[in-house]
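Note sheet for the following structure.
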Amino acid sequence: MVFLPDVVRKILSSWAVALIIAIVASGTFALLFGYSSYDVDGLRLGFGIEPSAHGQTELAIPPFGEVTAATHKTPLRIRVGVERIYPHEIGQVADKIDTGGELVKKIETEGKKAFRQFVIRLIVLAAIGGMLGAALSPRRRIYKAVAGTFVGVAFVGVLLWGTYATFNVYAFKQPSYSGALTAAPWATEEIAKRLGDIKAFRNEIRAIAANVDSFYSKIDAWHPIKEDTIKVLHVSDIHNNPVALDLIKRVVKDFNVDLVIDTGDITDFGTPVETKLTEGISSLPVPYVYVPGNHDSSATASFMRKIKNVVFLDGKPVTVKGITILGMADPASASSEVAPANDAVMATFRLKVKRILESQPEKPLILAVHNPKAVRGLLGQVPIVLVGHTHKAGLTEKNGCVIDNAGTTGAAGLRTFQNEAGVPYTLDLLNIDSSKKKLVAIDSLAVTGAEMEFRLERNLIKGKEASETELGMDQFKQNLRRAGNRNKGAAPSATAEKHL
């Protein structure tokens, strides 16, 4: 038992000291045990408070960073963090809502409800802390505990009321950013300027696809290829752009595509919330063969595997519609970083691909990877290599191998906002002889959203002699111009055929 001098005991036994201890204990309990999590319409939000010289509210959005604003006058920092996202639950909520505004309003309502529960938690903790703190004072502990309960509630309640009374939500018009969100002011301004163009472009997809279909029919008439071909649509680097899926759906339908091969970067950061944008793939009536890129992640891969028509490439050959395809996920997709793998990692990756190819009794027809660096030294081992990553569409032939880069079917996603000239939506249609399993031609399509123009180009792969098949450039332009006059909408861009 500890013996205290009478003077000290008298001081500790005073009501003033008891109530001071109650105030300190109530605040300590609220700070230490106040943090709690709540599920809000597919989101798990965490709420907490901490002392701060300036009244601030911080919104934490991992892995992007934080948004902070000076919202109130009390010495508290309110922290709201997005701990987890449940895409399936968000989808269920979105399906029941008619407009985006209603969805935001519903989430806002549920968020306020969760915050009220958080406030109640803080009040209860303050009561407990005040009661226990005051009870530490000798003499009349029960009375002091009761008084401490009220004092603790009053202290934390005044802080919270002061925060509420001075809270200015418009402070977020001048926030500060950290992490990847440092670019948010630029992104917000640019996206606001371009959203109208994107919305209009989505509305134009039908007209563009109809015109492309018309020109495609004419190219088939001018330079026919065998009818019994397997049509493989090669897309890449969608980067969350919803317009890309609209375009893919139209091309699949209008050009009788047999399967789609996506060479990666379907997302920007590989976060769970982005996977919601890929659900439209399940509505495609054909197999969707997919290999992750460096902007994708394990979360992206896990979600894609669950989509019924997705064929996930993981280092083992698969046969789809009679076409054998080998693909491996980009090594950078195994981490949360979006930066491409360094040269050493890529060299190891190439060696793995090479060993897999050498172990196959029959070589696959197509090798699909994301980064073109992954196929250095492997050209000639397979007839067709499909890549993306560079956002520059291109078609080359080396060592008897055709290398097709689909460019960026999503017009580089958010990157398109940085380029006033616009980044085209690009994709390629491979025509493969179904009996010989041989590439016959590649039709390349580029659509420029802002200008509503498209470019269609047929590349014959060791086809007939040019004198038998090649149409003169002048005549080709005249035919395109006449067809364009009959098909109002997206403007065509004339192009001659090429031979590889």
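Rule-based calculations on the coordinates, nothing more; no lab input. Note that the structure is a prediction, hence the values are computed from the model and not measured. So basically every Cβ, Gly included, is an ideal-geometry build from the backbone, and we count neighbours across all protein chains shown.
What residues have an amide H closer than 5 Å to that of His389, excluding those fewer than 5 places away on the same chain, when H is modeled at 1.01 Å from N in the peptide plane?
Answer set, sorted by chain and number: Asp237.
Do the alpha carbons of any pairs in Lys253/Lys363; Lys105/Lys173; Lys226/Lys354 sit beyond 26 Å of each other, and which pairs?
Violating the 26 Å Cα-Cα cut-off are Lys253/Lys363; Lys226/Lys354.
Is segment 249-387 best put as rounded, prolate or oblate by its Cα gyration tensor, with a ≥ b ≥ c the root eigenvalues, rounded for a/c under 1.5, and otherwise prolate when a/b is larger than b/c, oblate when not?
Oblate, since a/c reaches 1.5 and b/c is not below a/b.
What shape does segment 306-347 have by the C-alpha gyration tensor, where a ≥ b ≥ c are the square roots of the eigenvalues, rounded means a/c under 1.5, and otherwise prolate means a/b greater than b/c and oblate the rest?
oblate
Rank these for me by crowding, Tyr38, Tyr177, going from fewest to most other beta carbons within 10 Å.
Lowest to highest Cβ neighbour count: Tyr177, Tyr38.
Taking amide H atoms as placed 1.01 Å from N in the peptide plane, list the residues 5 or more away in sequence, or in a different chain, whose amide H sits under 5 Å from that of Gly48.
Here the answer is Arg79, since their amide H atoms fall under 5 Å of that of Gly48.
Give the long-range amide H neighbours of Thr71: residues separated by 5 or more places, or on another chain, with amide H under 5 Å away, using H modelled in the peptide plane at 1.01 Å from N.
Gln56, Thr57
Using the Karplus curve 6.51 cos²θ - 1.76 cosθ + 1.60 with θ = phi - 60°, what ³J(HN,Hα) values do you get for each residue of segment 338-344, in whole Hz, with x for Gly and Pro?
The phi angles translate into 9, 5, x, 5, 6, 4, 5 Hz.
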